[in-house]
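The values are calculated or read from the model by the stated rules, or taken from the named source; none is laboratory data. Keep in mind it's a predicted model, so treat the numbers as computed, not measured. FYI the Cβ positions are ideal-geometry reconstructions off the backbone, even for glycines, and counts take in every protein chain you see. Remember, those area values only see protein heavy atoms, side chains included, never the ligands or the DNA or RNA. Shrake-Rupley method; radii C 1.70, N 1.55, O 1.52, S 1.80 Å.
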Amino acid sequence: MRKCIGIILLIIIAWGILTSLQTMPFGVSRAKVANHYINNGKDETGAANIVTSVVINYRAFDTLGEVTVLFLSAIGLGAVLATIKTREKRDTEKASLILSTGCRFLFPPIILFGAYIFIHGHLTPGGGFQGGAIIASAFLLMYLGCHGEKRLNDRCSTFSESLGGLAFVIIGLIGLAVGTHYFLNNFMPLGKFNTLLSAGVIPIIYIAIGFKVGAELSKIIDLLMEES
Amino acid sequence: MNILYDYIYYAGAFGLIFIGIFTMMVKRNYIKVIIGLSILETGVNLFLISVGYISNGTAPIFSNPGIEAKNMVDPVPQALVLTAIVIGLAVLSLALSMAIRLYKHFGTLDLQQIKEQRW
Amino acid sequence: MSLELLIMFAFGGAFLTYLAGKISSKLRDIFALLCSVALVVIVSSLYKVETTITLYNGFFGMPLSMRLNPMAWFFAIAIVSSSALVVLYSMSYMKHRERTDYYYFMLLLINAAMLAIVLSGDLVSFFISWEIMSWSTFLLISYNRNAALPAGIKYIVMSLIGSMCMLVGIISIYTAFDTITISEIVQHMATATAGYKLFLLIIFSITFGIKNAVVPLHTWLPDAYAESPSPFSAVLSGMLTRMGIFGFLLIMFVMVGAENSLHMGRGFFSYHNILAWLGAITIVIPTFIAMLQNDAKKLLAWHGIGQGGYMIVGIAFGTSLGLAGGIFHTLNHAIYIILLFLSVGAIEYSTNGLRDLNSLGGLFKKMPIAFLGGLLGICGLIGIPLTNGFVSKWLIYKTLILGKAPFLAFATLLGTWGTILSVYKFLHNLYLGQLPQEHQNIKKTPLAMQIPIVILSLTILVFGILPGLPLKSINAMIVSFGFTPLTVSIWGISSETGTLNMINIFSILLVVVAIFWLIFQAARKSTAVDQYDNYAAGAAIPKDKYNYTVEFYAPFYRMATPYLRDIFDMLYQKIARFTEFACDNIRKIYTGYVSDYIIYIILFLALLISAQLKWSVF
Amino acid sequence: MIVIVTFLIVAMLAAAVSAYFFRDLLNAVIASCMVSLIAAVMFILLHAPDVAMAEASIGAALVTTVFVIAIRRTTRYEK
């Protein structure tokens, strides 16, 4: 019954989408705002990666809100899971020495790789979000491989998370005070194009986002993994 | 063949979207519903990226001096999807924490049974 | 300048009282009293001042202003003085209750809001103050929790319906005339069509009719009066309900204008005639329902509705005599109903919240001051000569007889008879008869409760003997509406068709009473007996309960009950139940099952898409 | 090229459909991980390396892990 209704409704919607897709050909046009970003983004922001310049410069306020949503969901997760107090014991086999040693060996390189990703966010693909996710996966590896011996340092993760958020907002406020007076204004010198120290505040903000996202995602994993 | 080339990405994206919606509509297991949600989300992201695509284009990065601006694909949907993926993870983990909580409380993940037990 | 000071004092005093209550309750009581006395002083210093001030200019380009004129001053002085007396009374009455900070805050806030209503010079500030008043009244009606909550909800629902009607009226005025200042609306009103004026009159009449409890819209009132704390019942019945009368005056004689509102429609089906008939129904039916009540406050509440009918009849008739009668009756009603509620409150205070007429009685010697208040209050309510009710009722009867409206005149007289019957029950069952055993050692009435009762009792006599005092300022108000002025002297009123001179009546009554007293003194055969002796008729008095006042008017009750059901209340209850039932069924679409919600979303999308594909609506 | 894309898309849809049909939730999660991975490849083909990176690290890895953790703390089988 439910399946029949679902299929009928989806067929109607598919039909509507099919008729409207005919006016939207694949792979020919670009939006007007995208043209502006592509043509001027290089000179205005100094970042080689146009996606980064959109995320951190043109639409940085959106990104701030998005980071806030991430933060809120971490809080919500903690609130939902915090009330569970039953500590059930599962008999799990301890990881072998090779596995745990390998995990400990891989942990610093993965962290380094994450840091590399978000430091070079304005030059190559990647940035704070991807780097943060990679850092979180390093912590995940430690949780899986070392059987909960090494836990995320709570104070350290909170510190780096708030440091990242604070740096983002403070740089934004400095931008408001300096120069052309809008929030998250790119007030620093743009530097030489396509080098590491270029593009003004973009690398700094992306590093801040990397810290923040990495800490938050690690915290989410920590909350879900704990007691299990 | 040309028509296939024009619409294959859209077909894939909407295929994912429909499968995701159908899963959410029909399945009674809460984790299955969340799996449907994640498939739906992937479909939407794929659709947004394929809308911004330009035939014979390049990635929007000036990594080499020879890359020209006029062939670049649209960066705006990419920036959008980038954040959407991260938010998607946050939403999914929140929903899954609810699932854990529901299981602790009701002892089942079947939505029908949870609904009956609710009062 | 003093107008701003007045508003500032009124609102700021309310907030500061609340803060003072956080420090000490004694400080708060004194502060509240000082505030209300200061308001009385300020308002009385503004006598015969006409002024306009602009409070705030930026409300969508419309100025919010305050203005003072004879009408506003008359209502303002009544509001502030009654509220000062009530605050004084509350100092003892509310002493050992909970949440007294909140009580005083709301009481003073209502006072301030009523002041702002009567002083407001434009419709937006009128509406804002009206809403402040409605909401704080709701909070204070439900102060006692339990049974008071449904009463408060009933009040706020009806009040909000009224407010929304008023909002519709205000918005339509703004779109039609592009102004909200009352004095400018008056000028624009000349260009409006008759239909538009009728629309305005009707839509505002719903608002003010609800507030003044005109009969089809009265059902909130009995519960609200009975369940709120007694001092607040006094304010509620005395001034707050009569904001409806102020509103009627505002819309009929100021905004639309007397020459328009009195010639709206033809013959019987003219606007003011129908309003007068509604007023007559409001007099008769609630007064007879009041007779059947066994709860002292409910009895007074039904009388509150009934007396409101006199005011409506008076001002709806629209002659200067009738208008004077209606407005003067508003003032008089405020005085005696506050007095009655305060004396019932004194009994409630002494007997720990008892107000059932069947279980009380014989309190005359225990509480002489409350008895004095009750006696003079019901004298005013009935309209016995030398009390203030007599003068205003005389003016209304006179208007109806001169205006050749015999049926309306008969209705008002019928109302008076019903009043006499029911208030005798009230007085007798509370103060006369046998004192029940458990009330032998009741609490004494404190001084702070006695003072307002004494002041109001004296005021009833003063306004009864010297009606010229208030009638002078009422006369100024009537002149400002564009009516011919009355010839008012300090003793009474004189016109070409008859003269009322209270000093003559006073002296005649004095002489008659003196003669009778002398006769009785000379030919005295009776002996004074004890309060309890006169029931026994020679037989032995039962020790416990022997109170023949139980089931007063029982035969009448049996006879009249089938006809005196409150059909409007039942109708509203039915509507409410139907709404609840419908909402309960609509609620069922929220199944609490995620997949269902997704199906709803998809269904909606599918409907949109099929509509677009079929008819191309977008 | 078109053949590769068609193959990828068919595989992706097949993975999604099997995620619908699997009774074992762990299998369903792995199937949805497949969907994400193929989607990451398709982002590369659509010249969106940033998004591909995010999808691979977050959509494929972290989401799957979170699902697995949740399944471990609840039940493994549907019904």
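Taking a label point 7 Å from the Cα of A:LEU197 along the Cα→Cβ vector, which residues of the range A:34-77 have an amide N closer than 15 Å to it?
Residues passing the 15 Å test: none.
If contacts are Cα pairs under 8 angstrom and at least 6 residues apart, what is the relative contact order of chain C in percent?
12 percent
Considering every residue in B:6-17, what mean count of other chain Cβ atoms within 10 Å of its Cβ is obtained?
Neighbouring Cβ atoms belonging to other protein chains average 6 per residue here.
Find the lysine pairs in chain A meeting two conditions, Cα atoms under 18 Å apart and a separation of 8 or more places or different chains, and report how many there are.
Within chain A, the lysine pair count is 4.
If a helix is a whole DSSP H run, which ones in chain A reach 30 Å or further along their own axis (Cα) and hold a mean Kyte-Doolittle hydropathy of at least 0.0?
Span-like helices here: A:60-82, A:97-119, A:154-177, A:202-225.
For D:THR74, list long-range residues whose amide hydrogen, built 1.01 Å from N in the peptide plane, is under 5 Å from its own amide hydrogen.
For D:THR74, no residues qualify.
Could you pull the Rg and Dmax for the protein assembly as shown, using just the Cα atoms, both in Å?
40.6, 133
Going by amide H atoms built from the backbone, whose H comes under 5 Å of the H on C:THR51, apart from near neighbours?
Answer set, sorted by chain and number: C:LEU68.
Would you mind putting C:387-394, C:468-475, B:108-115 in packing order, based on average other-beta-carbon counts within 10 Å, highest first?
C:387-394, C:468-475, B:108-115
What average count of beta carbons from other chains do you get within 10 Å of the Cβ of residues in B:103-110?
The per-residue average across the peptide is 4.
Using only the Cα atoms, work out Rg/Rh for the range C:274-325, with Rh taken as the Kirkwood radius, to two decimals.
Result: Rg/Rh = 1.09.
To the nearest 500 deg cm²/dmol, what mean residue ellipticity at 222 nm is calculated for chain A from DSSP H runs of n ≥ 4 alone, each contributing -39,500 (n - 2.57), summed and divided by the residues?
Computed ellipticity for chain A at 222 nm equals -22000 deg cm²/dmol.
Compute accessible area for the range A:180-228 by itself and then with all protein chains, 1.4 Å probe, and report residues whose area falls by 50 Å² or more.
Residues meeting the cut-off: A:LEU224, A:SER228.
Please give the average number of partner chain Cβ atoms lying within 10 Å of the Cβ of each residue in A:11-17, rounded to a whole number.
6
For Cα pairs less than 8 Å apart in space and 6+ apart in sequence, what is the mean separation divided by the residue count of chain A, i.e. the relative contact order in percent?
Computed value for chain A: 27 percent relative contact order.
Quick one: Cα centre-to-centre distance for the range A:8-23 and the range A:120-136, in angstrom?
Result: 37 Å between the Cα centres.
Taking only Cα atoms and a 10 Å spring cutoff, compute GNM fluctuations for chain B and point out the largest among B:SER50, B:SER38, B:SER93.
Answer for the Gaussian network model of chain B: B:SER93.
What's the angle, to the nearest 10 degrees (0 to 90), between helix C:148-177's Cα axis and the longest principal axis of chain C?
50 degrees
Roughly how many Å is it from the Cα centre of the range C:460-484 to that of the range C:314-351, as a whole number?
If we compute the Cα centre of each part, the gap is 15 Å.
Could you please state, rounded to a whole Å, how far the C-alpha centre of the range D:32-79 is from the C-alpha centre of the range B:41-89?
19 Å
So, by mean Cβ neighbours within 10 angstrom, what's the order for A:133-140, C:396-403 with the highest one leading?
Ranked by mean Cβ neighbours within 10 Å, highest first: A:133-140, C:396-403.
Given the peptides C:405-413, C:323-331, B:79-87, arrange them by the average over their residues of other C-beta atoms within 10 Å, most packed first.
Descending packing order for the listed peptides: C:323-331, B:79-87, C:405-413.
Taking the Cβ-Cβ separation of C:PHE604 and A:LEU176 as r and a Förster radius of 45 Å, what is the calculated FRET efficiency to the nearest 0.05?
0.60
Give the angle, between 0 and 90 degrees and rounded to the nearest 10, that separates the Cα long axis of helix B:30-51 from the longest principal axis of the Cα atoms of chain B.
Value to nearest ten degrees: 10.
With no solvent and one equal point scatterer per Cα, compute the Debye intensity ratio I(q)/I(0) for chain A at 0.10 Å⁻¹ and report its log10, rounded to two decimals.
The calculated log intensity ratios at q = 0.10 Å⁻¹ are -0.65.
Rounded to the nearest 10 degrees, what's the angle between the helix C:194-212 long axis and the longest principal axis of chain C, both from Cα atoms, 0 to 90?
Helix C:194-212 and the main axis of chain C meet at about 50 degrees.
Around D:PHE43, what is the net charge, scoring Lys/Arg as +1 and Asp/Glu as -1 over all other residues with Cβ under 12 Å from its Cβ?
Here the charged neighbours net out to -2.
Shape verdict for chain C, please, from the Cα gyration tensor: rounded (a/c under 1.5), prolate (a/b greater than b/c) or oblate.
Prolate.
Could you give the alpha-carbon Rg of the range C:571-615 over 2.2 N^0.38 Å, rounded to two decimals?
1.75
Please calculate how many Å² of accessible area chain A carries per residue, with a 1.4 Å probe and no DNA, RNA or ligand atoms counted.
50 Å²
If the elastic network links every pair of Cα atoms under 10 Å, which of A:VAL80, A:VAL55, A:VAL169 fluctuates the most in the Gaussian network model of chain A?
A:VAL80
Quick one: pull the percent of accessible area on the protein assembly as shown belonging to carbon and sulfur, 1.4 Å probe, ligands and nucleic acids left out.
The C+S portion of the solvent-accessible surface of the protein assembly as shown is 69 percent.
Are any of the pairs C:LYS404/C:LYS472; B:LYS27/B:LYS104; C:LYS154/C:LYS297; B:LYS104/D:LYS79; C:LYS365/C:LYS393; C:LYS211/C:LYS574 more than 25 Å apart by Cα-Cα distance, and if so, which?
Correct reply: C:LYS404/C:LYS472; C:LYS365/C:LYS393.
Going by the alpha-carbon gyration tensor, a ≥ b ≥ c the square roots of its eigenvalues, is the range C:371-448 rounded (a/c under 1.5) or, if a/c is not under 1.5, prolate (a/b greater than b/c) versus oblate?
Prolate is the answer for the range C:371-448, as a/c is 1.5 or above and a/b outweighs b/c.
Read phi for every residue in the range C:84-101 and hand back ³J(HN,Hα) as whole Hz from Karplus 6.51 cos²θ - 1.76 cosθ + 1.60, θ = phi - 60°, with x for Gly and Pro.
So the J values, rounded to whole Hz, are 5, 4, 5, 5, 4, 5, 5, 3, 8, 4, 8, 4, 9, 8, 8, 6, 6, 4.
With the contact rule set at Cα under 8 Å and sequence spacing of 6 or more, what percent relative contact order holds for chain D?
32 percent
If the label point is 7 Å along Cα→Cβ of A:LYS32, which residues in the range B:56-92 have backbone nitrogen under 19 Å from it?
Residues passing the 19 Å test: B:74-77.
How much length, in nm to one decimal, is gained on full extension between C:ALA582 and C:ASP178, taken as 0.36 nm per residue of separation minus their Cα-Cα distance?
So the extension gain works out to 141.4 nm.
In the range C:279-381, what trypsin sites (Lys or Arg not before Pro) fall in a loop by DSSP, with at most 14 other Cβ atoms inside 10 Å?
C:LYS365
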